[in-house]
Amino acid sequence: MCGITGFISLRSDQQFDQPINFEEIIKKMNDTIIHRGPDAEGIFIKNPIGFGFRRLSIIDLSEAANQPMISKNGEIVIVYNGEIYNYIEVREVLQARGYEFHTDSDTEVIINSYLEYGDDCVHQFNGMWGFAIYDFRKNRLFCARDRLGVKPFYYTIQDEVLYFSSELKALHAIFHFTEANIDKVYEYLAYGYRINDGETFFKECSELLPGTIMTVENGLIEFKKYWRLEQNMFCHNGHKDYFESFTHLFESAVKLRYRSDVPVALLLSGGLDSTSIAKVTDNLIESGALDQNEINAFIASFPNFEHDETHIAREFVKTCKHIKLHEMLVSPKSVVEEFDELIYALDHPLGSFASVAHNNIMKACKQEGVKVVLNGQGSDEAFAGYDRYISGVHLVDHFLKNRKTFWEEFKVLNQKNGYSKPFLLVQMVKSVLNQPFASYLRARFQEKSIACLDKEFIKGSRDHYVSEYQFSLKGNNFNRYLLNVINHQGLNNILHYEDVSSMQQSIEIRSPFLDYRLMEFAFSIPNEIKFRKGRTKLVQRDTVGKLLPDNITNNRKKIGFKTPFTNYISEDQNFKAYVFDVLESESFRNRAIWDTEKIKKRFEIPDKFPQFPFWRVINLEVWAKKYGITNL
């Protein structure tokens, strides 16, 4: 796990512009992301490329595993950020074919896989990655990002040179971009989205999409999609025991993610996903399948907050022999201190205040000497965890297919899950509408944010958001809705903030539920073993869930990672003072994209606007100020 930087000349003669000090540029980008890799640094420059690297040592801690790594014959050079969890199995296959290895690193496995399989090497890997390989034999740059986009890869083209990095701030440090991508800003403020379309918050920077290869040859840039999550990708090997398959895949995914030459910890909550990982971990240790006696688990604690789950986690840990719980207090004081610097560190505007709380947890983990943590991200998106958001499309599909089951499902969601009939009807209508239009209606009438935005700003950017989800009278809207959340709309928000938040503290996050095999499995099983009679993630609840306390397995209330941002505005004087200093600042008042007085009034009486995106307004303003944005 590391940070990578680099560039390649796009000139036809593939030469550098000599007056430019490219080594100085790489060094500056490396220094900007030193937090991603405090253990070692490397620089490699040879026409037409320059590669930079900051290392966080996780697998093979020796200097021999440092990067940029060069093949034995000097023809291949790589910089790589991520982990190939199945590197041992891939290495064994390559050794049987005559390849020699001089390190125990997964980086060398990528090099030899590329030599054996070419661009198709990515199909051999189970992991997360963003890497760049230059092949001097072909004078060709080969870059790839993992299937789901867990690891980032940003790039910009300036003066016939393509530059890339693991973080936007490294590119900003060189080129001092001052223009924001107006469309991205609108979608963020109005809808809270960061659509997965290859664009970033900087007008001149792009992002390599998940599951995508980028090649540069003879100055020409080409992109190829090598993987995309779709329905019926998983092979059940001739049988339909979905519960057995899930159990096997989940245990395999968890066990693989404990491969490390440094200790691995857990991020815990009181929810089904993280406790499932913890329970499987505990059982793997007990059975001798994991060579560790104790795993440290960390939880964020918000005293006096109604959604605080610390008490549930405490009771759960009592059922585990090998899990030790650490409670990390997140207070308003810790949030206010160095807030501006934190927003700069987090790279780009982020979806919710949870990113700040998450960074506080990462700080606490770092103080405990932790370098690697596991978390439960991905299960809700793949196995239908958020009943509040999927209830509408679920009901509509039943209405189209079978009116009897429709009324059964409607009744359960109303009586057992606690959703009112008007709410469920509204959710059904939303699932039928064009999604951008539904998002606009939510912003206007529920969040009440549209009234605070400049009309020309809205008019100029409203049509930019195009959803991949389209309602069909033929049914099966449910899976297409979930796929859209993963491929296009929601999951990437979480993955972006978790990567930049954790790596800011030099910590690697691994997510067993994001194992591509589990993801493919999730969309090859019947919908009724994901969501039925008001119960979400049924295949998970009816397998590993049986090992958990009943108050976790049968809990129907899914709240996600809730944090008390509006509570802080109302109740903590220091935090409130900070927020109003931002609202009174000259830069905030001079923004052309919003009505400052309307926004300020909402902050003065937040209880009257419970759905208003308070966090997004503050986050965007501080981000724009720290990055010197001039076109808002």
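Under conditions of 20 °C and 1.002 mPa s, segment 573-626 yields 187 µm² s⁻¹ as its translational diffusion coefficient, taking Rh as the Kirkwood radius over Cα pairs in the Stokes-Einstein equation. Alpha-carbon geometry of segment 103-244: the Rg and the Dmax are 18.0, 57 Å, given in that order. Excluding same-chain neighbours fewer than eight residues apart, the aspartates and glutamates reachable from Lys537 by a Cα-Cα span under 17 Å are Asp241, Glu244, Glu251, Asp273, Asp380, Glu381, Asp387, Glu409, Asp515, Glu520, Glu528, Asp550. Here the Karplus curve 6.51 cos²θ - 1.76 cosθ + 1.60, taken at θ = phi - 60°, turns the phi angles of segment 285-293 into couplings of 5, 4, 7, x, 6, 10, 8, 9, 8 Hz, with x standing for Gly and Pro. Between amide H atoms placed 1.01 Å from N, distances below 5 Å from Gly6 occur with Gly52, Phe164, all of them 5 or more places distant or on a separate chain. Lys404 to Lys255: FRET efficiency via 1/(1 + (r/R0)^6), r the Cβ-Cβ distance, R0 51 Å, to the nearest 0.05? Rounded to the nearest 0.05, the efficiency is 0.75. Over all distinct Cα-Cα pairs of segment 410-562, the Kirkwood formula returns a hydrodynamic radius of 18.6 Å. Across segment 485-509, the residues whose backbone nitrogen lies under 20 Å from the label position 7 Å along the beta-carbon direction of Glu230 are 485-489.
Working from label points 7 Å from Cα in the Cα-to-Cβ sense, the Leu61 to Glu222 distance is 4.4 nm. For segment 383-412 versus segment 1-48, the inter-centroid distance based on Cα atoms is 52 Å. Pairs Lys401/Lys546; Lys255/Lys530; Lys324/Lys363: which are spaced more than 27 Å apart, C-alpha to C-alpha? Going by Cα-Cα distance, Lys401/Lys546 fall outside the 27 Å limit. Amide H contacts of Arg140 (H built 1.01 Å from N, in plane; Pro and chain starts excluded): Asp135 sit under 5 Å, all sequence-distant by 5 or more or on other chains.
For Lys600, the aspartates and glutamates whose Cα falls under 16 Å of its own Cα, not counting residues fewer than eight places away in the same chain, are Glu447, Asp454, Asp581, Glu584, Glu586, Glu621.
Please give the length that would be gained between Ser287 and Asn414 if that part of the chain were fully extended, namely 0.36 nm times their separation in residues minus their C-alpha to C-alpha distance (nm, one decimal). Write out the running numbers ahead of the final one.
Values: separation 127, 0.36 × 127 = 45.72 nm, distance 4.26 nm.
Result for the pair: 41.5 nm of gain on full extension.
As a ratio to 2.2 N^0.38 Å, the alpha-carbon radius of gyration computed for segment 464-546 takes the value 1.33.
Once you charge only the Cβ atoms, +1 for Lys and Arg and -1 for Asp and Glu, what is the size of the charge dipole of the chain about its Cα centre, to the nearest 20 debye? Please report the intermediate quantities before stating the final value.
Working: 76 positive and 84 negative charges, 544 e Å.
With only Lys, Arg, Asp and Glu charged at Cβ, the dipole is about 2620 debye.
Sum -39500 (n - 2.57) across every DSSP H segment of at least 4 residues in the chain, then divide by the residue count to get the 222 nm mean residue ellipticity, nearest 500.
On the way: 27 runs with 257 residues, N = 632.
Rounded to the nearest 500, it is -11500 deg cm²/dmol.
Relative contact order, whole percent, for segment 424-565 stands at 12, derived from Cα pairs under 8 Å and 6 or more residues apart. Label separation (His248 vs Asn21): 5.9 nm, computed from points 7 Å beyond Cα along the C-beta direction.
Computed from phi, the 3J(HN,Hα) profile of segment 308-324 under the Karplus parametrisation 6.51, -1.76, 1.60 (θ = phi - 60°) reads 4, 10, 4, 5, 5, 4, 4, 5, 5, 4, 5, 8, 10, 7, 10, 10, 10 Hz, with x in place of Gly and Pro.
Towards the positive end of the charge dipole of the chain, with charges on Cβ (+1 Lys, Arg; -1 Asp, Glu), say which of Val582, Gly98, Pro263 has the farthest Cα. Highest projection toward the positive end goes to Val582. Set the bar at 22 Å for Cα to Cα. Now go through Lys224/Lys371; Lys184/Lys576; Lys430/Lys474; Lys72/Lys151; Lys225/Lys474 and name every pair that lies beyond it. Exceeds cut-off: Lys224/Lys371; Lys184/Lys576; Lys72/Lys151; Lys225/Lys474. Dipole magnitude for segment 2-225: about 120 debye, using +1 per Lys or Arg Cβ and -1 per Asp or Glu Cβ, origin at the Cα centre. Normalising the Debye intensity of segment 389-489 to I(0), with uniform scatterers on Cα atoms only, and taking log10 at q = 0.13, 0.15, 0.16, 0.25 Å⁻¹ returns -0.54, -0.69, -0.76, -1.32. As a rough footprinting exposure proxy, the listed residues Arg314, Arg54 were ranked by other beta carbons within 10 Å of their own, and the order from fewest upward is Arg314, Arg54.
Work out the length of the dipole vector of segment 356-511 about its Cα centre, built from +1 on the beta-carbon of each Lys and Arg and -1 on the beta-carbon of each Asp and Glu, and round it to the nearest 20 debye. The partial results should precede the final answer.
Numbers: 20 positive and 15 negative charges, 119 e Å.
Result for segment 356-511 is approximately 580 debye, rounded to the nearest 20.
The distance separating the Cα centre of segment 254-275 from that of segment 179-206 comes to 32 Å.
The amide H of Asn417, built 1.01 Å from its N in the peptide plane, has no neighbour under 5 Å, considering only residues 5 or more places off or on other chains.
Taking the average, over residues, of other Cβ atoms within 10 Å as the packing measure, peptides 172-184, 618-630, 378-390, 87-99 rank 378-390, 618-630, 172-184, 87-99 from highest down.
With a Förster radius of 22 Å applied to the C-beta separation of Asp39 and Arg97, the computed FRET efficiency comes to 0.10. Backbone geometry of segment 579-592 corresponds, through the Karplus equation with coefficients 6.51, -1.76 and 1.60 at θ = phi - 60°, to 3J(HN,Hα) couplings of 4, 6, 5, 5, 5, 8, 5, 4, 4, 5, 5, 8, 5, 7 Hz, x marking Gly and Pro. By the rule of a C-alpha distance below 19 Å, with chain neighbours fewer than 8 residues away ignored, the aspartates and glutamates paired with Lys138 are Asp13, Glu75, Glu116, Asp119, Asp120, Glu217, Glu222.
Quick note: the coordinates plus some simple rules give every number you see, no bench work behind them. Just so we're clear, the structure is a prediction, and the values are computed from it rather than from any experiment. Here Cβ is always computed from backbone atoms with ideal geometry, including for glycine, and neighbour counts include all displayed protein chains.
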